[in-house]
1. Considering (1) charged (D, E, K, R); (2) more than 22 Å from Y346 (Cβ to Cβ); (3) in contact with a helix residue (DSSP H, G or I) (Cβ under 8 Å, 6 or more places away or on another chain); (4) in a loop (DSSP other than H, G, I, E, B), say which one K221 fails and leave the rest.
2. Tell me yes or no: at least one residue of the stretch 83-104 is touching a Gly at 6+ places or on another chain (Cβ under 9 Å), more than 30 Å from A306 (Cα to Cα) and either surrounded by fewer than 21 Cβ atoms within 10 Å (Cβ to Cβ) or without any contact (Cβ under 8 Å) to a residue 60 or more places away in the chain (or both).
3. Say whether the condition of being of a type in the set (A, V, I, L, M), touching a strand residue (DSSP E or B) at 6+ places or on another chain (Cβ under 8 Å), buried (at least 19 other Cβ atoms within 10 Å of the Cβ) and in a loop (DSSP other than H, G, I, E, B) is met by at least one residue in the stretch 272-285.
4. Quick check on the stretch 155-188: of everything there that is of a type in the set (S, T, N, Q) and under 25 Å from P344 (Cβ atoms), which residue is surrounded by the most Cβ atoms within 10 Å (Cβ to Cβ)?
5. Being in contact (Cβ under 8 Å) with a residue 24 or more places away in the chain, over 26 Å from L209 (Cα atoms) and polar (S, T, N, Q): is that true of N310 here?
6. Return yes when D162 is modelled with pLDDT under 95, of a type in the set (D, E, K, R) and within 23 Å of L292 (Cα to Cα) and no when it is not.
7. Tell me which residues, restricted to the stretch 310-353, are of a type in the set (D, E, K, R) and either touching a Ser or Thr at 6+ places or on another chain (Cβ under 6 Å) or within 21 Å of S279 (Cα to Cα) (or both).
Amino acid sequence: MKNITKAFLLFITILFSFNQKIFAQTLQSYEHERGDYRFMFYNAENLFDIFNDSTIKDEEFLPEGERFWNITRFTAKLNNITKVITSVGQWEAPEIVGLCEIENRYCLEQLTSNSYLKKNKYQIVHKESPDGRGIDVALLYRKDKFKPIDNEFLRINFPGDDRPTRDILYVKGRTKDKDTLHIFINHWPSRYGGQTISEPKRIFAAELLRKKVDSLFTADKNPLIVIMGDLNDYPDNISLLDGLKANKDFDTIMNEQLYNLSYYLQFKKGEGSIKYKGSWGILDQIILSGALLNNSGNMGTTKDNAHVFNADFLLEIDERNTGTKPFRTYGGMKYLGGYSDHLPVYIDFKLKK
């Protein structure tokens, strides 16, 4: 068994021998002026390993499963995610990477230790969630730029419903310039069953997160809060506007309020991170406390520093509708070899000189 594992890891390492020219070809015109800190979030669309875990429903992502998920496909998936993270970073890897739809820590270790990302020495914050399919959220951080002080996994227990979902990951840490950051990585309940049936669960998750945010506002006059994640709701849905109280108006910025930059991206700039029934929208949110937009600490930003990364290699022709759509790993049960059904989102922060 040990020999098989070693051979498997060697196989991955060989296939992960990247050349920088690959990434030079991907950036093209998608570069934006890079800040001192770049945070990104990416729904990796089912990053599963190839080993059976009897405690979760991972049977379809096994070599003998209905998706025929094998070493080659797993390695290609890791390869693709590495390419995305590196490309978003623009020659310098993002300081913070939020991820969702990750099966376990092993997948994260293969991503950060046996790939082109190894040189960045990413550290991992992760915990197995109670989700039935076993998909988790995680945070990667560059230890030369960020030092965690504490972390917490907020459990979402729906009243009268024992079906578990992903935890909300909270990480408190300090930047190299001694700012204290409060980072939340989310993957709220899906829209399975329809918006009417599923929406109360996302509102519940939003209200739970808001309670934690309120505790930070109470403890600190100007907390620097970054909320990222696939919330499975659009910026104008009830869960965001009423549950989380994420403002869509940027005319007056208050330090102790939340502001949804994804609302600005979707409804003011016309961008999208996911395409559904021919229309682009944003389920992948970037939400900040006003203190970051008011530059109340050593680091700050503006709403124009938030972006959807829509490089050509992440897209394919949308034959059913018009234009393009995300280039997925699977289309139904058919293996396509693409990246994800979501596009990554990112934001830059600049330090005071």
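The values are calculated or read from the model by the stated rules, or taken from the named source; none is laboratory data. Since the structure is predicted, the reported quantities are computational estimates derived from the model, not experimental observations. So basically every Cβ, Gly included, is an ideal-geometry build from the backbone, and we count neighbours across all protein chains shown.
1. Single failed check for K221: (3).
2. For the stretch 83-104, residues touching a Gly at 6+ places or on another chain (Cβ under 9 Å), more than 30 Å from A306 (Cα to Cα) and either surrounded by fewer than 21 Cβ atoms within 10 Å (Cβ to Cβ) or without any contact (Cβ under 8 Å) to a residue 60 or more places away in the chain (or both): absent.
3. Filtering the stretch 272-285 for residues of a type in the set (A, V, I, L, M) gives 274, 282-283.
Restricting the remaining residues to those that are touching a strand residue (DSSP E or B) at 6+ places or on another chain (Cβ under 8 Å) gives 274, 282-283.
Now drop any that are not buried (at least 19 other Cβ atoms within 10 Å of the Cβ), which leaves 274, 282-283.
Right, trim to in a loop (DSSP other than H, G, I, E, B) and you get 282-283.
For the stretch 272-285, residues of a type in the set (A, V, I, L, M), touching a strand residue (DSSP E or B) at 6+ places or on another chain (Cβ under 8 Å), buried (at least 19 other Cβ atoms within 10 Å of the Cβ) and in a loop (DSSP other than H, G, I, E, B): present.
4. Going residue by residue through the stretch 155-188, those that are of a type in the set (S, T, N, Q) are 157, 165, 175, 180, 186.
Imposing the further condition that a residue be under 25 Å from P344 (Cβ atoms) reduces the set to 165, 175, 186.
Working: T165: 23, T175: 21, N186: 28.
Looking at residues that are of a type in the set (S, T, N, Q) and under 25 Å from P344 (Cβ atoms), I get N186.
5. Working: in contact (Cβ under 8 Å) with a residue 24 or more places away in the chain: yes; over 26 Å from L209 (Cα atoms): yes; polar (S, T, N, Q): yes.
So N310 passes the test.
6. Values: modelled with pLDDT under 95: yes; of a type in the set (D, E, K, R): yes; within 23 Å of L292 (Cα to Cα): no.
When the stated conditions are applied, D162 does not pass them.
7. Applying the first criterion (of a type in the set (D, E, K, R)) to the stretch 310-353 yields 312, 316, 318-320, 325, 328, 334, 341, 348, 350, 352-353.
The answer is D312, E316, D318, E319, R320, K325, R328, D341.
Matching residues to (1) within 17 Å of the chain's Cα centre (by Cα); (2) under 30 Å from G65 (Cβ atoms):
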residue: S279; (1), (2): no, no
residue: I282; (1), (2): yes, no
residue: S296; (1), (2): no, no
residue: T301; (1), (2): no, no
residue: P326; (1), (2): yes, yes
residue: Y335; (1), (2): no, yes
residue: Y339; (1), (2): yes, yes
residue: Y346; (1), (2): yes, no
residue: K350; (1), (2): no, no
